[in-house]
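J.: Structure below; questions to follow.
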Amino acid sequence: MNTVLALHHKLHLWQQKRWTRILFSLLIVATVLSFLAPTLFASYKIHNLRSQLYSVLTGLDQRMVAQSIEETGFVELSGTLYGDERLVGFRILDADENVIDASGVTSLILQNEHPRWVPTWLLQDPVLTWSIGIITLFFLGFAVWTGLLLSMLYTASIAILGWLFFTWIQAPLGATAIAGMCILAFSYALLISLLKMLFRSPRQVTTLARGVLLEATRTRLSIAFVSLLLLFLPLVPLMLDPESPLRHRVQTFLSRSLGTTFTIAAFLTVFLGCATIAFEIRDRQIWQVLTKPVSKIGYLFGKWLGVVSLNFAILTVAGISVFFYLQYLRTESVASGLQGDLDRLAVEEEVLTARSEALPVYETLTSEQIASRVQEMIESDSELRDEEEIQLRLRKKMRDDVQAQYSAMQRSIPPMRSGQSFSQTYLFTGLSHAKKLGSPLAFKYRFHIGESDEHESFTAGLVYNEDPTTSHVVTYIPTMTHVTLIPANQINDEGELKITIYNLFDPPAINRGRGAMSFDKGGIEIRYRVGDFESNFFRTMLVLWIKLAFLAALALAASTFLSFPVACMITLTVFATGTLAPYLSSSLLAYVPPPTQAVDWSNITHIIQWAFENTISGIATAMVFLLEGFGAQRPTDQLIDGMLVSWASVFKGFLTIGIAWTCLALGIGTIVLKKRQLAIYSGSG
């Protein structure tokens, strides 16, 4: 053991020598450039070829080029042939002699141009390749010149030995996992060192923030949470089912990795935030800090900045690892044939994207029409007709019911009758951006019919813009969500699209007239691309960081007047309530305590029930009112579903959660510290 420690000490002295740092800096630059240069050359070449080929396949000569590919399997660009003999006979043109899928054909033709030694995902975008190279050079250079060279060599040795061992026992996923753990651990240590260097200023706030970072790297509680995260993330790919569709694997990976990252970071934030102040008060150390002098608000803000910086390091390391593994996962193999092609298309157009949604425009009744129908209902009911007081109380509810029934009628389609099918046409507007972008639209629908038995399947017909040539039949299972892709060229110049839905269910004679097909409000919608996955992923991580910043402020504020376990319990309760607030809000709609006028005040049981249920309802309503904004920000769910996390929602979360709520929590903590006699709890008394 002494020999090992002595060797480590010699290596530590060796890494601090200038010539050692210069040598390794040159070695790192040479290694990175030797891989980066040919990768960039291949990436730019394929990128240019892809642009040229796509232009040819969508230009005026697309029919001639497509016929050449179908006959020979090759296409000529700038005097060079590209393609494969296996493409001979591959159908490229549709009935109107237009290229069916120019993007897909481009990928098939250029697949032999990809260097085998470079991961396919690295060749998709030269900007991504540049980013990886620059980030790698910066961080490895930073490690060499800040005394982390030895840690880098130890980590690299463990990663290489682990990779070789798991490759030898034919466990490639294990090799990837052990390498991932080493890379994540070193990246985390690197970021923490960078943050500590940034907080080296002797100013009060930065010194306190640096102290929190030192505390996080030395206390067993913080190390346990960070280690758990760094060990778990590389294991997530091992939990994916290789037999499931690629889009399900991508969504599962996103859900588990980001969900686990946020949960572990949240618990670490709560425990560290509560411990850093509560223990200083308990151990009578806080007076030594506050007599420097440090203002109360400066003390809390410095602690908060330290916890937020720690969360920045965690989210950065986790985010980069998740993002890069996704680039690899999106190029994984899929099932052969049309099913595999649709699966890969769904990954790119439904998951790894940023989409917005458009709902159909329904007709609504005017106030005069509603009033007329309500009056007819009252006149037809003798009890309501003769009681003016009842009329006044029920009139508003009846108006809402009339409008809801009219809307439900538009969402219901009768079954076939005597061979004739019935339909409803729905108008979607505001699709000009989708038409300009040209990406296919995803028509999402969930129908109900009969008893909505999930063990049965039914058929429906879809027609676009009332053009019979676009008609096609879809099969659906009641209560289950289905998606049909619609070409963007179906959108008219006004950015509108009409979809006519036919109910093709023909009920047997014994059930004649039954079998209407219907859907709930929001049961049909169109989703279309409005941005890219990369920026959407970045905004998602920003929102998660903002939520953790508020949680840190809440934990610090609670620990100013509560002991460590109580402060943790209160903070975790608020965190859980805020997360579940949207679900609690929905539950409150069905939770109706007995009204006061219905209570039998002579019955003690009724009184207790009334008091208990109204108290519970009041507490739940107050918690929803205060914390629903926290739970309403669910960027991970939006990212997994391929929905846009807009800058507007990020800015809203920043103003409400990041500034208003956080400042309120820190303000309360400051007031408590000012009112509290800290000298009683400090010193050696």
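Since every read-out is calculated from the coordinates, none of them should be taken as a lab result. The model shown is predicted, which means the values in this text are computed figures rather than measured ones. Neighbour counts run over all protein chains shown; Cβ positions are idealised from the backbone, glycine included.
J.: From the cross-link list K547/K674; K303/K652; K196/K303; K296/K547, which pairs have alpha carbons spaced over 20 Å apart?
T.: Details: K547/K674 27 Å; K303/K652 25 Å; K196/K303 14 Å; K296/K547 24 Å.
Result: K547/K674; K303/K652; K296/K547 exceed 20 Å.
J.: Rounded, prolate or oblate: which one fits segment 442-583, using the alpha carbon gyration tensor with axes a ≥ b ≥ c (rounded when a/c is under 1.5, else prolate when a/b beats b/c, else oblate)?
T.: Values: a/c = 4.85, a/b = 2.00, b/c = 2.43.
Oblate shape, in that a/c is at least 1.5 and b/c is the bigger or equal ratio.
J.: Let me ask something else about it. Please give me the summed charge of the neighbours of M480: other residues whose Cβ is under 9 Å from its Cβ, Lys and Arg +1, Asp and Glu -1. Walk me through the intermediate numbers first.
T.: Numbers: positive: R446; negative: E454.
Spelling it out: positives minus negatives among the neighbours equals 0.
J.: Putting +1 on Lys and Arg Cβ atoms and -1 on Asp and Glu Cβ atoms, find which of P478, I297, S457 reaches farthest to the positive end of the dipole of the chain.
T.: Checked the options; the winner is I297.
J.: Compute the length gained on full extension between W287 and L5: take 0.36 nm times their separation in residues and subtract their Cα-Cα distance, giving the result in nm to one decimal.
T.: On the way: separation 282, 0.36 × 282 = 101.52 nm, distance 3.89 nm.
Result for the pair: 97.6 nm of gain on full extension.
J.: Report the label-to-label distance for T217 and I135 in nanometres (one decimal), using points 7 Å from each Cα along the Cα→Cβ vector.
T.: About 2.1 nm, to one decimal.
J.: What's the exposure ranking of E243, E454, E332, going from fewest to most Cβ atoms within 10 Å?
T.: Working: E243 7, E454 10, E332 15.
Ordered from fewest to most neighbouring Cβ atoms within 10 Å, E243, E454, E332 come out as E243, E454, E332.
J.: Of K436/K521; K436/K498; K444/K498, which ones are farther than 20 Å apart at the Cα?
T.: Values: K436/K521 28 Å; K436/K498 18 Å; K444/K498 14 Å.
Over 20 Å Cα-Cα: K436/K521.
J.: Determine the gain in length on full extension of the stretch T484-K674; use 0.36 nm per residue of separation and subtract their C-alpha separation, reporting nm with one decimal. Show your work: numbers first, answer last.
T.: Numbers: separation 190, 0.36 × 190 = 68.40 nm, distance 6.17 nm.
That pair, T484 and K674, stretches by 62.2 nm at full extension.
J.: Would you kindly derive the ³J(HN,Hα) couplings of segment 284-290 from the backbone phi angles with the Karplus curve 6.51 cos²θ - 1.76 cosθ + 1.60 (θ = phi - 60°), listing them in order in whole Hz, with x for Gly and Pro?
T.: Going residue by residue, I get 6, 10, 5, 5, 5, 7, 6 Hz, with x marking Gly and Pro.
J.: Next up: If each of N492 and A371 carries a label point 7 Å out from its Cα toward its Cβ, how far apart are those two points in nm?
T.: The answer from the label model is 3.4 nm.
J.: Sticking with this structure for a sec: Using Rg and Dmax of the Cα atoms in Å as the read-out, say which of [x] 33.7, 104; [y] 31.7, 102; [z] 26.0, 98 was calculated from these coordinates.
T.: After the calculation, the listed value that fits is [y].
J.: With θ set to phi - 60°, apply the Karplus curve 6.51 cos²θ - 1.76 cosθ + 1.60 along segment 237-248 and write out the HN-Hα couplings as whole Hz, x wherever there is a Gly or Pro.
T.: Once rounded to whole Hz, the list reads x, 5, 8, 7, 7, x, 8, 7, x, 4, 5, 5.
J.: Using amide H atoms built 1.01 Å from N in the peptide plane, name the residues 5+ places from A516, or on other chains, whose amide H lies under 5 Å from its own.
T.: The answer is G450.
J.: Any idea how far apart Q405 and M569 come out in nm if each label point goes 7 Å out from Cα toward Cβ?
T.: Roughly 5.3 nm, to one decimal.
J.: Would you work out if segment 202-295 is rounded, prolate or oblate? Take a ≥ b ≥ c from the square roots of the eigenvalues of the alpha-carbon gyration tensor; rounded if a/c is under 1.5, else prolate when a/b is larger than b/c, oblate otherwise. Don't skip to the answer; put the middle values down first.
T.: On the way: a/c = 4.00, a/b = 3.32, b/c = 1.20.
The shape class here is prolate.
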